[in-house]
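To start, the structure itself, in structure tokens.
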């Protein structure tokens, strides 16, 4: 299985800030899911439909995953051919490209929870 991580250090959070961070993680993960769906290889759209964004509020962790038997191979095998705009690294590249946007989504939700 392939795993790509991007860590955002949120430091110590009050309960109010934590609630905002959880909302931000959820919105950030959904943003990444949508961005990756634009690049995921598509034949019958099974891989695209298998994408899911999830959040573990206790650990303040979010994940985006695709769940088909061939998801990892499609992501990692750079020799496979794909339709225009579709490609390998369909999750890793959007994570890298959208990291700043995701950080801002999380920060905005924390600020919102504080009323600022």
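Every read-out reported here was derived from the displayed coordinates using simple, explicitly stated rules and does not represent laboratory data. What you see is a predicted model; the values in this text were computed from it and never measured. With ideal geometry, Cβ positions are generated from the backbone for all residues, glycine too; neighbour counts draw on all protein chains shown.
Here are a few things to note about the model shown:
- Restricting region 62-74 to residues that are in contact (Cβ under 8 Å) with a residue 12 or more places away in the chain and not in a strand (DSSP E or B) leaves a set whose member that is farthest from the chain's Cα centre (by Cα) is 70.
- Single residue of region 75-111 satisfying the filter (within 17 Å of residue 34 (Cβ to Cβ) and without any contact (Cβ under 8 Å) to a residue 12 or more places away in the chain) that is surrounded by the fewest Cβ atoms within 10 Å (Cβ to Cβ): 100
- Qualifying positions in region 11-20 - touching a residue at least 24 places away in the same chain (Cβ under 8 Å) and either within 13 Å of the chain's Cα centre (by Cα) or in a loop (DSSP other than H, G, I, E, B) (or both): 13
- Condition check for residue 47: surrounded by 15 or more Cβ atoms within 10 Å (Cβ to Cβ), out of contact with any helix residue (DSSP H, G or I) (no Cβ under 7 Å at 6 or more places or on another chain) and in a helix (DSSP H, G or I): no
- Scan region 62-74 for residues that are surrounded by 19 or more Cβ atoms within 10 Å (Cβ to Cβ) and either out of contact with any helix residue (DSSP H, G or I) (no Cβ under 9 Å at 6 or more places or on another chain) or at positive phi (or both) and the total you get is 0.
- Among residues of region 21-44, those that are touching a residue at least 40 places away in the same chain (Cβ under 8 Å), outside any loop (DSSP other than H, G, I, E, B) and under 15 Å from residue 83 (Cβ atoms), counted: 0
- Test for residue 59: is it free of Cβ contacts under 8 Å to residues at least 12 places away in the same chain and surrounded by fewer than 19 Cβ atoms within 10 Å (Cβ to Cβ): yes
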